[in-house]
Every structure is written in C-alpha cells, then in structure tokens.
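The values are calculated or read from the model by the stated rules, or taken from the named source; none is laboratory data. Here the structure is a predicted model, which is why all the values come from computation and not from measurement. Every residue, glycine among them, receives a Cβ derived from its backbone with ideal geometry; neighbour counts consider all protein chains shown. Ligands, DNA and RNA are excluded from the accessible area calculation, which covers all protein heavy atoms including side chains. Shrake-Rupley method; radii C 1.70, N 1.55, O 1.52, S 1.80 Å.
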Amino acid sequence: MSEECTHDCSTCSSNCASKKESLLAPNNAYSSIGKVIGIVSGKGGVGKSMVTSMMAITMNRRELKTAILDADITGPSIPKIFGVKGPVTGDDKGIAPAVSKMGTKIMSLNLLVPEETTPVVWRGPVIAGTVKQFWTDVYWDQVDWMFVDMPPGTGDVPLTVFQSIPLDGIIIVTSPQELVSMIVAKAVRMAQLMNVPVLGIVENFSYLKCPDCGKEISVFGPSHVDEVAAEYGLDVLARIPIDPTLANLCDKGALELMECDVMEAAADALETKLA
Ligand code: ADP
C-alpha cells in the first residue's frame with residue numbers, strides 16, 4: 001500500500017496486496033474449501049488439464065476430498081477426462097458441482113452448455129465473469145484440495161482469474177519443446193504481482209519409454225527444465241512421460257483408472273509446502 005493510499009482501489013493503478021484482497025470474490029456461503037491450487041501454462045495443448053486431473057486423482061487416492069474448477073472456459077476438457085456429464089443443477093444453496101466416480105467434484109462450462117461441442121464465442125470479461133461465478137455460485141461442500149485448470153497464457157482472462165480466486169499457490173506446466181525460460185519467467189512474474197507462491201514446475205511430454213527395452217527417449221530433444229527451475233529457485237515437481245495409455249484413458253473418460261504414480265512426489269511436495 002502506498003503512503004498516499006486513498007483506499008479507493010477503483011482509481012488507483014498500483015498493484016499492492018490490499019488491492020488484490022479487494023478484488024477477491026467471496027465464495028459461496030455454504031462452501032468449505034481447504035487449499036486452492038492454480039495450474040498454469042504458457043499456451044494450450046501442453047497438458048495443463050492432464051496435470052490438473054492427475055493431481056486431483058493422486059490427492060483423491062490419499063483419501064482427501066478433491067475438486068476441480070475448470071477455468072479454461074474456451075477449452076474445457078475436465079468433464080470429458082472424468083466421464084461426467086451435465087447439466088448440473090442448483091437449489092437455494094447454489095449450483096451443485098458434478099461428482100466423478102471416485103468423488104472429485106467438478107465444475108466446468110461444459111456442464112452448462114447443451115452440447116459439449118458447443119463453442120464458446122465470448123469476450124474476455126464474460127469469460128472471467130463466468131469463472132468468478134464458478135467460485136461464488138457453486139456450492140463446494142467439504143473440499144480439502146481444489147485444483148483450478150487456469151486459462152492458458154498470461155493475458156487478461158488468466159489475470160482476472162488470478163485476482164478473483166484466492167489461490168494458495170500455482171504449478172507451472174511446461175513441455176520440452178517450449179521456450180521454457182520465457183514461459184516460466186512470465187508465470188513467475190504474474191504470480192509475484194498477485195502475491196501467490198509458485199509451488200513448482202511439472203514437465204509434461206518429457207520422454208517416451210521404449211516398450212521393448214525401457215529406454216527413455218527424449219522425443220523433443222534435451223529438457224532445459226532443471227536449469228530454468230534452478231534459475232528461479234523452483235522445484236521440478238514431476239516429469240510426465242508421453243504415455244498413450246493416459247491419452248486413451250482421457251478419451252474414454254476414465255483417467256481415474258490410471259496406474260501411473262508419476263504425480264506422487266508432486267502431491268508430497270504440495271502437502272509439505274502448504275501444511
Ligand atoms: P491443455 O490443457 O494444456 O490444453 P491437455 O491436458 O488437454 O492440454 O492435453 C492435450 C492433449 O494431449 C490431450 O489430448 C491429452 O490427452 C494429451 N496428453 C497430455 N499429456 C499427455 C501425456 N503425458 N501422454 C499422452 N498424451 C497426453
């Protein structure tokens with residue numbers, strides 16, 4: 001807060017902590033939410049929804065109550081990955097989220113539109129407003145860990161989501177073929193502006209395991225994630241291989257049946273860092 005603070009945030013250009021507070025949307029009065037983790041990426045297609053889902057599944061297997069708020073409004077893939085369908089219903093407490101077979105609560109625009117193929121042709125403020133409503137109007141009953149599949153990039157929409165949902169930390173998802181250094185720099189900067197800790201980086205599409213000899217092949221060339229993580233003092237929480245089984249399970253809406261335990265260390269890290 002500046003010394004000349006007038007306490008009128010609407011006319012102030014400063015990005016101080018108290019302003020961030022003032023933009024946070026109140027959650028539904030009946031919600032009870034523990035930790036809220038945002039999953040961010042520099043662009044679409046790097047596996048942000050995959051990481052969000054795998055984190056929730058891993059926490060859920062620890063007997064913790066999990067939820068996913070799908071804030072990726074223009075590319076909502078979470079309901080498909082968990083095989084849940086809308087429409088969701090509401091009562092005087094608010095909108096009840098869908099619940100997956102293993103008990104993860106889910107809210108996504110695809111649970112509100114008539115067909116999952118309906119495109120969302122909305123401008124930024126409408127998208128950001130919808131995400132805010134997923135926080136304020138949905139009745140998130142007894143959630144220990146909520147994972148927010150953030151809109152990709154660092155533009156207006158992710159920024160508004162950052163400002164309106166009280167995140168306890170973010171996880172940055174990268175892939176080896178990206179300009180990792182730039183992506184991480186931007187995400188770290190955005191998190192600093194919003195006063196949200198970066199919990200670490202997950203590298204997706206890291207390698208392909210040869211089905212015959214087990215050798216790990218770096219399909220996209222050598223990874224630079226360790227150097228970049230060291231530069232920013234961040235942990236690499238997980239390296240996820242290219243795994244057709246995971247893709248198939250997503251297509252079948254059955255990722256909860258995954259056998260891979262690649263996110264266990266990431267789940268340990270979250271439980272330790274946010275204890
Ligand atoms: P994003 O949320 O960043 O747009 P997704 O999580 O939707 O990306 O992933 C994009 C596509 O890649 C999906 O079809 C998904 O099933 C597939 N995919 C993601 N990660 C992996 C992986 N590690 N192995 C195989 N397929 C993957």
Legend entry - the range 78-110, subset part of a helix (DSSP H, G or I) and touching an Asp or Glu at 6+ places or on another chain (Cβ under 6 Å), residue modelled with the lowest pLDDT: Asn110
Inset, instruction - Taking the residues in the range 222-255 that are assigned to a helix (DSSP H, G or I) and more than 14 Å from the ligand (Cβ to nearest atom) as candidates, determine which candidate is farthest from Asn204 (Cα to Cα). - result: Glu231
Inset, instruction - Output the residues belonging to the range 164-183 that are outside any loop (DSSP other than H, G, I, E, B), more than 18 Å from Val148 (Cα to Cα) and within 16 Å of the ligand (Cβ to nearest atom). - result: Val180, Ile183
Legend entry - Unique match (being without any contact (Cβ under 8 Å) to a residue 60 or more places away in the chain and over 21 Å from Asp268 (Cα atoms)) among Ile78, Ile95: Ile95
Inset, instruction - Tell me, please, whether a residue that is within 16 Å of the ligand (Cβ to nearest atom) and touching a strand residue (DSSP E or B) at 6+ places or on another chain (Cβ under 8 Å) can be found in the range 192-201. - result: yes
Inset, instruction - Identify all residues within the range 252-270 that are charged (D, E, K, R), in contact (Cβ under 8 Å) with a residue 40 or more places away in the chain and open to solvent by 30 Å² or more (accessible area, probe 1.4 Å); write none if there are none. - result: Lys252, Asp261, Glu264
Legend entry - In the range 236-250, the residues that are surrounded by fewer than 16 Cβ atoms within 10 Å (Cβ to Cβ) and either touching a residue at least 24 places away in the same chain (Cβ under 8 Å) or polar (S, T, N, Q) (or both): Thr245, Asn248
